[in-house]
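Asks: My questions all concern the structure below.
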Amino acid sequence: MSLVQIERGSHEARAHDAHTLDPRTASPFPAAAKIDLRDTQLRRNVARATDTIQRKRAALVEEKTDWQALRDAGAAIRREALTNLDRYLLEFEERFQAAGGTVHWAANASEANRIVLGILREHEASEVIKIKSMTTAEIGLNDFLARHDVAAYETDLAELILQLGDDQPSHIVVPALHKNRQQVREIFARTMGLPDLTDDPEALTAAARRYLREKFLRVKTAICGGNFLIAETGGLAIVESEGNGRMCLTLPETLIAIVGIEKVIPRFADLEVLLQTLPRSATGERMNPYNSIWSGVVPGDGPKNMHVVLLDNGRTRVLRDAIGRQTLQCIRCGACQNACPVYRQTGGHAYGSVYAGPIGAILTPQLEDMRYAQSLPYASSLCGACYEVCPVKINIPEVLVHLRARVVDRGRRKLASLFDQERAGMMMMAAVFANRSRYEAAQRLARTAQRAVRHGDAWYHWLPGMAGRWTETRDLAPLPQQTFREWWQQRGQP
Amino acid sequence: MHISLFITCYNDTLFPRTGQSVVRVLERLGHTVEFPLEQTCCGQMHFNTGYAREAYPLAKRFVEIFADAEAVCIPSSSCVAMIREYYPALARENGDAAMAAAVDRLLPRLFEFSELLVDRLGVTDVGAYFPHRVTYHASCHGLRSLHLGDKPMQLLRAVGGLELVPLEGLEQCCGFGGTFAVKNADVSAAMLTDKTRAVLNTRAEVCTACDNSCLMHMQGMLHRQFAGVRTLHIAEVLAGTEDAPA
């Protein structure tokens, strides 16, 4: 092994460690972000990719004169579904089973994984082909299957890149957007044994196609997620851009879909709205190239065995929170990630969750019952760009602030909070602002303190404690000699 | 018109010249300004950091102090956004029907400074003179909560001697975000680097905005870099006249 390879190996190992996407073990966001901010290649890749998708999206949103009405309609559909989730899920189950499908209910990740394994054992399947699915990433299905000697092959191009590169998704829709084509070439050349492969996009897709075709033709079982479950028709809807999904949905004998319970929509006609807003928001396309809906088993066409695993995994608990529940309206378009100025700097891995960016910052801590990922609601400047682009109008800043309050309220009960610098500061400031004379005394006191440490009007280049994080990269002007209210009182009434 | 000024706690303490400029502009336009001395803070910092419980009494206090104002002028988009977007919910969640009703009555009379001038008072030319090359930064709250649009730019374009240059990436956050700037200081600095790069590319000598919070952030890095750009609240740009320059 050459020195270069050793270095690369150790770098990849380190990067991999830093990027555990398990919110229970991941580093807090600021610490993980600090590492990724130094990765110049990552930042260039993320900026380029998000810029491109945003530009395409903006052009296609522009041409829809009724875009705001579509957002309102999408939000109304999703709200209606969530408000009557029990009814619509049972309706879906009844229709899908009446048409020859099977519906399973999984309370959590391990239940879902065991259900899937049970179905695979029943069909004696030792390998599966997969359509890109965030839900299976959420429950760690691939690792679980590997531990039980089942090989899972990702067939989405980006997921294939990640799987072969032993990497993790960094975006909901474009999971390998942190890789450029030179890096993809390196992964493919190494893992597919193609030393002469070029980084020409056509050559790369051709290599992936050859690699995958053999699996499409051989493997008899497919696993997917689901974009929508249609209660009215018992339909499982999947949209995609590459055709790999269509292959997985039609060639195998057995199809297993793992779908979050929030993905149900009431009526077939609701797709009229959501299939306009989803592709425009997600990939900047007017419609997805492939739109598939299976409403149960069709003799002589497609899989003979169809299973839908309905996954709760914390979602019912999210529904209980009147402000937080709008998070479940999400249709996983990723537009908030592309628009987020924080995500655009760090990429997705720093969030320590398969759900990164603004939606991840509100979804992940709620799925974890606020016990983990407590740094994520703070991973936002509350600029509102996410809310502006959300096709189902999730007020992400409102939820972020609400979850911050939940984080703070959890801390209030702990003794350690008495020694928390931020909390102490906030309590003191609240007391100061509650009363005019205390507030004015604090203004005078700050100026007196300044006189003790400053000469003239020199700016601050260093501050102690938390404020020191400001002066690491920014100066701060000294306090002026006079407050506004002092000036006002001195001036007298006009 | 009789206008009540809510200066905001950080303008009061850190940017008194902004308040003085607001008073100067409004009085020059023939209005009277009052400044209720009981005012302190709207509660935004507490609320946005997760201290909603501490923000509530501050919000209640604000509403009581300004309940009878003919119009309230606030030279800060983010404080206006706090009041408009979250006061009704704060009242509701604390079961405070009296406050909820008072908020409803107050909101139509509450304006950010450029909103007050353009929407309520119907002026874009305030008789200002400011012979400098200026770029305008749209704060996120001004842009997305208040939908200020080009109102501030209308005001700036009417200023004598002022050369207005557009800022690339106008809709991008500067990375301030209140406590975000220290809690996520590294990401904040990365965002600020992009923003100051755009400001420097304009070759402007002054960067203005409707929020001193963003400007304090941008000035923090520009000052550190000896960049030769200063930041000024829009009220200070509008305050100067040919006879008495700002």
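The values are calculated or read from the model by the stated rules, or taken from the named source; none is laboratory data. Note that the structure is a prediction, hence the values are computed from the model and not measured. A quick note on method: Cβ atoms are made from the backbone with ideal geometry, for glycine too, and the neighbour counts reach across all protein chains shown. The accessibility values were calculated without ligands, DNA or RNA, using every heavy atom of the protein model including side chains. Shrake-Rupley method; radii C 1.70, N 1.55, O 1.52, S 1.80 Å.
Asks: Mind jotting down the three principal axis lengths of chain B based on Cα atoms? Whole angstrom, largest first.
Replies: Over chain B, Cα extents along the principal axes are 52, 46, 28 Å.
Asks: To continue, here is another question. Per 5 Å bin, what percent of the C-alpha pairs of the stretch B:133-239 does each bin hold, from zero upward?
Replies: The calculated distribution, bin by bin, is 2, 13, 25, 27, 19, 10, 3, 1, 0.
Asks: Also, I was wondering about something else. Please compute one quarter of the surface area of the Cα convex hull for the stretch B:134-188 and express it in square nanometres.
Replies: Taking a quarter of the hull surface, the average projection is 4.5 nm².
Asks: A further question follows. Taking θ = phi - 60°, what integer Hz values does the Karplus form 6.51 cos²θ - 1.76 cosθ + 1.60 yield along the stretch A:457-470, in sequence order, with x for Gly and Pro?
Replies: Values per residue, Gly and Pro as x: 10, 5, 7, 7, 10, 8, 9, x, x, 4, 4, x, 5, 5 Hz.
Asks: Mind checking the dipole of chain A: about its Cα centre, +1 per Lys or Arg Cβ, -1 per Asp or Glu Cβ, Debye to the nearest 20?
Replies: 1880
Asks: While we're here: Looking at the P(r) of the stretch A:307-451, how many percent of alpha-carbon pairs lie beyond 26 Å?
Replies: Summing the P(r) tail past 26 Å for the stretch A:307-451 gives 39 percent.
Asks: Points 7 angstrom from Cα along the Cβ direction at A:Thr205 and A:Arg410: gap in nanometres?
Replies: 4.4
Asks: On to the next question. Among A:Ala467, A:Gln481, A:Thr155, whose Cα projects farthest towards the positive end of the dipole of chain A, with charges put on the beta-carbon of Lys, Arg (+1) and Asp, Glu (-1)?
Replies: With unit charges placed on the Cβ atoms, the residue in question is A:Gln481.
Asks: Longer than 30 Å from Cα to Cα, which of A:Lys220/A:Lys393; A:Lys263/A:Lys414; A:Lys56/B:Lys151 are they? Say none if no pair is.
Replies: As for pairs spanning more than 30 Å Cα to Cα, those are A:Lys220/A:Lys393; A:Lys263/A:Lys414.
Asks: Separate question: Could you compute the net charge surrounding A:Gln163? Neighbours are other residues with a C-beta less than 10 Å from the C-beta of A:Gln163; K and R count +1, D and E count -1.
Replies: Local charge sum for A:Gln163: -4.
Asks: Here is a further query. Give me the percent of accessible area attributable to carbon and sulfur for the protein assembly as shown, probe 1.4 angstrom.
Replies: Here it works out to 53 percent.
Asks: With every protein chain present, what is the per residue accessible area of the stretch A:432-491 (1.4 Å probe, Å²)?
Replies: 58
Asks: Right, here's the next one. What percentages make up the Cα-Cα pair-distance distribution of the stretch A:24-86 when the bins are 10 Å wide from 0?
Replies: Taking every Cα pair in the stretch A:24-86, the percentages come to 17, 22, 23, 32, 6.
Asks: Hey, another quick one. Pairs of alpha-carbon atoms within less than 8 angstrom and 6+ residues apart define the contacts here; what relative contact order does the stretch B:1-80 have, in percent?
Replies: Across the stretch B:1-80, relative contact order equals 45 percent.
Asks: Give me the Å³ per residue figure for the convex hull around the C-alpha atoms of the stretch B:2-120.
Replies: Dividing the Cα hull volume of the stretch B:2-120 by its residues yields 91 Å³.
Asks: Still on this model: If you bin every alpha carbon distance in the stretch B:64-204 into 10 Å steps from zero, what whole percent lands in each bin?
Replies: Final binned percentages: 11, 30, 33, 20, 6, 0.
Asks: Farthest toward the dipole's positive end in the stretch B:2-120, which of B:Ala101, B:Cys42, B:Tyr87, given Cβ charges of +1 (Lys, Arg) and -1 (Asp, Glu) about the Cα centre?
Replies: Looking along the dipole axis, the top candidate is B:Cys42.
Asks: Give the residues of the stretch B:167-182 whose amide nitrogen is closer than 19 Å to a point set 7 Å from the Cα of B:Arg157 in the direction of its Cβ.
Replies: Counting backbone N atoms under 19 Å from the label point, the list is B:167-171.
Asks: A follow-up question, please. Would you compute the Debye intensity of the stretch A:92-159 from its alpha-carbon atoms alone, equal scatterers and no solvent, and pass along log10 I(q)/I(0) at q = 0.11, 0.19, 0.21 Å⁻¹ to two decimals?
Replies: Debye intensities relative to I(0), on a log10 scale: -0.29, -0.85, -0.99.
Asks: Which FRET efficiency value, to the nearest 0.05, is calculated for A:Ser126 and A:Ile293 with the Förster distance at 22 angstrom and r the Cβ-Cβ distance?
Replies: Using R0 = 22 Å, I get an efficiency of 0.15.
Asks: Principal axes first, then extents: for the Cα atoms of the protein assembly as shown, list largest minus smallest coordinate on each axis, whole Å, largest first.
Replies: 89, 63, 55
Asks: Taking only protein heavy atoms and a 1.4 Å probe, what accessible area per residue, in Å², does the stretch B:2-120 have with all protein chains in place?
Replies: 33
Asks: Oh, and also: Among bridges DSSP assigns within the protein assembly as shown, what percent are antiparallel (round to 5)?
Replies: If I count the DSSP bridges inside the protein assembly as shown, around 20 percent turn out antiparallel.
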